[in-house]
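Notes follow the structure.
The values are calculated or read from the model by the stated rules, or taken from the named source; none is laboratory data. Since the model is a prediction, treat every value here as computed from it, not as a measurement. As a convention, Cβ positions derive from the backbone with ideal geometry for all residues, glycine included, and neighbour counts pool all protein chains shown. The protein model used for the area step is the full one, side chains on, heavy atoms only, and it has no ligands, DNA or RNA in it. Shrake-Rupley method; radii C 1.70, N 1.55, O 1.52, S 1.80 Å.
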Amino acid sequence: MTDRPFASLEEKLAFQIARQGPLSLAAYMHACLADPQFGYYSKRQGIGESADFITAPEISQMFGELIGGWCVAAWQQLGRPDPFCLAEFGPGRGTLMADLLRAAKKAEGFTKAAHLVLVETSPLMREHQKAALQKWKNALGGFEWADHISALPGMPLVAVANEFLDALPFRQYIKAENGWREAGIAANDAGKLIRVTLPCLADPAILPDGADDQPPGAVFEHAPAREAVVEEVATRLMDHEGAALFIDYGHTASGFGDTFQAVRHHGYTGPLAEPGAHDVTSHVDFARLVAAANRTGLPPAALASQSDFLIELGLLERAGALGHGKSAAVQETLRRQVERLAGADQMGGLFKVLRITNPVLALPGHGKALSAPSA
Ligand code: SAH
């Protein structure tokens, strides 16, 4: 099937659906992002002010620097292991890691002890990361890429992931007359992709409280791939010790609603329009991630808003230091960056920071914990 030439991903998927039946949203999303020929992350570098979407490290160097300080604190409290694995999942353009390493350089021994692993599946993104991080190669204890978290070396781990989980596939279920049914993607006679409800019924175990009371048409989203990543990292921390941060947009309590979205040129578009041309994502259900981490037996996971997290790490002080003695224009730029990263009505409120550690560490950033009822 794959050796047949297709003009677009839509054509390829319609061909596949005609032979094999409708796709789950998870299969559709995976094709949109990772298809080797047409997938978004395979052919387009969409991160940045002039591209499709902007992420926190691209807004300001302060984001990566503060996370660098957090990583140093984690490493020191773990007893300065040498070697240790410093990992980033889904590093994008490599900006966060470059800022992190620059800030962490001041901590004696950190860089040399760090065996850096970038978990990245896109060859195109790897090229960007190489350009941003090449200069660190000799200073670090090690530097490599991995396709999957399972390939991380067996060492104490300090890991960060910003907007990685939202890029992993999720499933949707729709309340029908006779229960919750999985949402899917089919193709009409003209080869256009359409949303359909599949015959498969949801496993009642995945449905949150209140599911029975939802009206027909209500939507529930479930992302086992995201839970599996957090569980795998948590299990690794059980075996080797360490600390990990997962930062993403999403909600602290499992709920109902359709958050399937496609983004291009900083605007939203329908997720079925031009598959592969847009970044397709959905909001992250942090309650389920907290539950996934906690069921491994790890010390309890902590959740904070990005706003509280960054302010506790010293965002305002860092902005003050960077702006000290600088022009009014520079100071205004820094003020705007702080507002975008930490403003409650901007990233600060929508984005959450999940922290998992083993053993319990006294790390800054989670002093104001958000409640995250277990799913
Ligand atoms: N962390 C970066 C980039 C976020 S975009 C930032 O904040 O700017 C998502 C990143 O995850 C991209 O680098 C993408 O190529 C990568 N990615 C997506 N799916 C992945 C997967 N299954 N495994 C590893 N990396 C993945």
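Structure summary
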quantity: GluC sites (Glu not before Pro) restricted to the range 220-294 and DSSP loop, no more than 12 other C-beta within 10 Å; calculated: none
quantity: Distance from the range 174-212 to the range 123-154 (C-alpha centre basis), Å; calculated: 39
quantity: Charged-residue dipole, Cβ positions (Lys, Arg, Asp, Glu), the chain about Cα centre, Debye nearest 20; calculated: 920
quantity: Residues in the range 64-85 that a label on residue 362 would reach, taking backbone N under 19 Å of a point 7 Å out along Cα→Cβ; calculated: 69-81
quantity: Heavy-atom surface of the range 29-127, accessible at 1.4 Å and reported per residue (Å²); calculated: 34
quantity: Within the accessible area of the chain (1.4 Å probe), percent carbon and sulfur; calculated: 52
quantity: For the chain, calculated [θ]222 nm from helices alone, where every DSSP H run of n ≥ 4 adds -39500 (n - 2.57); calculated: -10500 deg cm²/dmol
quantity: Extended-chain gain in nm, criterion 0.36 nm per residue less alpha-carbon gap, residue 346 and residue 51; calculated: 104.3 nm
quantity: Most positive-pole-ward Cα, 200, 261, 36, against dipole of the chain from beta carbon charges; calculated: 36
quantity: Spin-label model distance (nm) - residue 105 vs residue 148, 7 Å beyond Cα toward Cβ; calculated: 3.6
quantity: Length released on extending from residue 177 to residue 126, taking residue separation times 0.36 nm less the Cα-Cα span; calculated: 13.7 nm
quantity: Lysines whose Cα lies under 21 Å from that of residue 105, excluding same-chain neighbours fewer than 8 positions away; calculated: 130, 135, 137
quantity: Förster radius 41 Å - calculated FRET efficiency between residue 19 and residue 253 (Cβ-Cβ, nearest 0.05); calculated: 0.50
quantity: Highest-MSF residue in the chain out of 348, 325, 242 [GNM, Cα springs under 10 Å]; calculated: 325
quantity: Gain on full stretching of the segment that runs from residue 317 to residue 7 - 0.36 nm per residue minus C-alpha separation; calculated: 106.4 nm
quantity: Qualifying GluC sites (Glu not before Pro) for the range 1-51 [loop in DSSP, other Cβ within 10 Å: at most 12]; calculated: 49
quantity: Measure of compaction for the chain (Cα Rg per 2.2 N^0.38 Å); calculated: 1.01
quantity: Vicinal HN-Hα couplings computed from phi for the range 346-353 (Karplus, 6.51 cos²θ - 1.76 cosθ + 1.60; Hz; Gly/Pro x); calculated: 10, 5, x, x, 6, 7, 10, 10
quantity: Cross-link partners of residue 192 among lysines (Cα-Cα below 17 Å; sequence separation of 8 or more within a chain); calculated: 12
quantity: The range 239-375 - accessible surface per residue (Å², probe 1.4 Å); calculated: 43
quantity: Antiparallel content of DSSP bridges confined to the chain, in %, to 5; calculated: 60
